[in-house]
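Presented below is the structure to which this report refers.
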Amino acid sequence: MDQVNDLDADNLFVRKLGAALKRDPVDNEIEYAKKRRQEGADPDAVATEVREDDEAIAVRNPPRASP
């Protein structure tokens, strides 16, 4: 029964993360969110971390101009 409760809590956390991101999280974000939930983080904090990571990636890999 504890596994079911953990799964429900993970699913709710991931749904809240998606709402905070205003998009569906990808697989690696879901795994990260589950880990952070177990550490006591809230979905908004995890969404901020994911957005900051997205921004860092965008800076490192800017879009290329079309030829």
Select from Asn61, Asn11, Ala47 the residue farthest towards the positive end of the dipole of the chain; place +1 on Cβ of Lys and Arg, -1 on Cβ of Asp and Glu, and compute about the Cα centre. Asn61
Of the candidates Arg36, Arg23, Arg51, which one comes out as most mobile in a Gaussian network treatment of the chain with C-alpha springs shorter than 10 Å? Arg23
Determine the share of the chain's accessible area contributed by carbon and sulfur atoms, expressed in whole percent, with a 1.4 angstrom probe. 51
What does the charge dipole of the chain about its Cα centre add up to, to the nearest 20 debye, if the Cβ of each Lys and Arg holds +1 and the Cβ of each Asp and Glu holds -1? 340
Please work out the FRET efficiency for the pair Asp10 and Ala56, using the Cβ-Cβ distance as r and a Förster radius of 25 Å; give the result to the nearest 0.05. 0.45
Find, among the GluC sites (Glu not before Pro) in segment 32-67, those assigned to loop by DSSP (not H, G, I, E, B) with at most 15 other beta-carbon atoms within 10 angstrom. Glu39
For the chain, what does the helix formula give at 222 nm: sum of -39500 (n - 2.57) over DSSP H segments with n ≥ 4, over the residue count, nearest 500 deg cm²/dmol? -25000 deg cm²/dmol
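The values are calculated or read from the model by the stated rules, or taken from the named source; none is laboratory data. All values derive from a computational prediction rather than experimental measurement. Note that we place each Cβ from the backbone using ideal geometry, even for glycine, and neighbour counts take in every protein chain shown. Ligands, DNA and RNA are stripped out before the accessible areas are found, and what is left, the full protein with its side chains, is counted by its heavy atoms. Shrake-Rupley method; radii C 1.70, N 1.55, O 1.52, S 1.80 Å.
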